[in-house]
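Step one of this worksheet: look at the structure below.
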Amino acid sequence: MSSTSQEISLQVSLPRHVAIIMDGNGRWAKKQGLPRILGHRRGAEVAKKITIKSRELGIPYLTLFAFSKENWQRPREEVSALLSLLVEYLDSELPTMLEKEIRFKMIGDREDFPVEIQRKILEVEKKTAQFSQMTLVLALSYSGRAEILKAINDLIKEVQSGRLGKVEVTEALLRKYFYFPELPDPDLLIRTSGELRVSNFFLYQLAYTEFYFTDLLWPEFTEEEFIKALEVYKRRERRFGKVYEF
Ligand code: FPP
C-alpha cells in the first residue's frame, strides 16, 4: 500500500466515519443507453474501489447506502436484479474483506430479505467479526425513520417485559437500540448525482455531519473524487453548535 503525499496530509484530519448515498446509477445507465441494472453493476464496482481506498487511508468506518426501505417499491425485475447483485457482491467481496481485514456489518431490516440472503449476510458478518481496523457498513432495507421507531418500540418492549425498570430515555439509552449501537455518527456524508437530499438516511445521526454533494453520478465517482471530498472536509470548521472565536 503506497500513499501519495496528498493522502498522507489528509490523514491529519481524516473523518472517523464516512457515509455515502450512492445515487445516479440509473441515470448513468440511461446516458449510456444501457439497462438500469448495468448502472447498478458499475455502481457496485465503484463501491468496491472506494472501500479499498478507505482502508488504505485508514478510515475506521465507511457506510454505503445500498438499498433503502423505499427501494422495495421499484419494479420487481429491478429489485430482484439488485438482490442478485448483492449476493454476487457479498460472495466476491468476502475474500477481499478477509485479505484486507475489513469487518462487515449490515444495518437495516434483515427480515425483509429472503432467508438465504439473511444467512449470507450473517455469514460475512461472522467471518469478518474479528477485524478492528475498519468496518464496512452496508445499509440494506434501511430507513432512518424506521431505525428510530424500532429503537423506541424495542425500548418500550424492554420496559413492558420488566427487563428494564422505569427509565428516562436519554440519547445514550436510545442509541443502544439502533441497528449498530457502536457505530459513531458520520463525520462526512457524500451524495452523488446532484440531488441535495438526505432521503431518510441516518436521520438521527446526521445532526453535526458535514455534507458534500457532487454532480457526478455514482458510477462516475472515482478514488480521486473521494480524496477531493476528504480534502474539502479537512478544510471545514466543525463547531458542534459552539463558538470558538469572537
Ligand atoms: C441509486 O441509484 C442507487 C441505488 C438505489 C442502489 C445502490 C446500489 C449500488 C451502488 C449497487 C449495489 C451495491 C452494492 C454494494 C451491493 P438510482 O437507481 O436511484 O439512480 P437514478 O436516481 O439515476 O435512477
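Values in this text are rule-based calculations from the coordinates and carry no lab data. Source: prediction; values computed, not measured. Cβ coordinates were reconstructed from backbone atoms using ideal geometry, including for glycine residues, and neighbour counts include every protein chain displayed.
For the reader, a short list of remarks on this structure follows.
- Calculated FRET efficiency, Lys234 to Val167, Cβ-Cβ distance, R0 = 45 Å: about 0.65 to the nearest 0.05.
- For the chain, built as a Gaussian network whose Cα springs stay under 10 Å, the top-fluctuating residue of Pro95, Pro184, Pro114: Pro114
- Efficiency of FRET from Cβ geometry, Asp185 and Ser80, R₀ 35 Å, rounded to 0.05: 0.55
- Of Ile152, Ile21, Ile227, the residue with the greatest mean-square motion in the GNM of the chain, using alpha carbon springs below 10 Å, is Ile152.
- Taking other C-beta atoms within 10 Å as the exposure proxy, Ser68, Ser132 rank Ser132, Ser68 from fewest upward.
- Within the chain, the selection of entire DSSP H helices by a Cα span of 15 Å or greater along the long axis and an average Kyte-Doolittle value of at least -0.5 returns 76-100, 144-160.
- With the helix formula -39500 (n - 2.57) applied to DSSP H stretches of n ≥ 4, the chain reaches a computed 222 nm mean residue ellipticity of -14000 deg cm²/dmol.
- Spin-label model distance (nm) - Leu196 vs Glu158, 7 Å beyond Cα toward Cβ: 3.9
- Projecting the Cα atoms of Leu94, Phe113, Met134 onto the charge dipole of segment 86-156 (Cβ charges, centred on the Cα centre) puts Met134 farthest toward the positive pole.
- Exposure proxy order (Cβ contacts within 10 Å, fewest to most) of Ser141, Ser13: Ser13, Ser141
- For the chain, average projected area of the Cα convex hull in nm²: 15.8
- Radius of gyration, Dmax [segment 42-140; alpha carbons; angstrom]: 13.2, 38
- By the count of other C-beta atoms within 10 Å, a proxy for reagent exposure, Tyr204, Tyr61, Tyr142, Tyr177 are ordered fewest to most as Tyr204, Tyr177, Tyr61, Tyr142.
- Comparing Val232, Gln160, Ser13 along the charge dipole axis of the chain, the residue lying farthest to the positive side is Gln160, per the Cβ-charge model.
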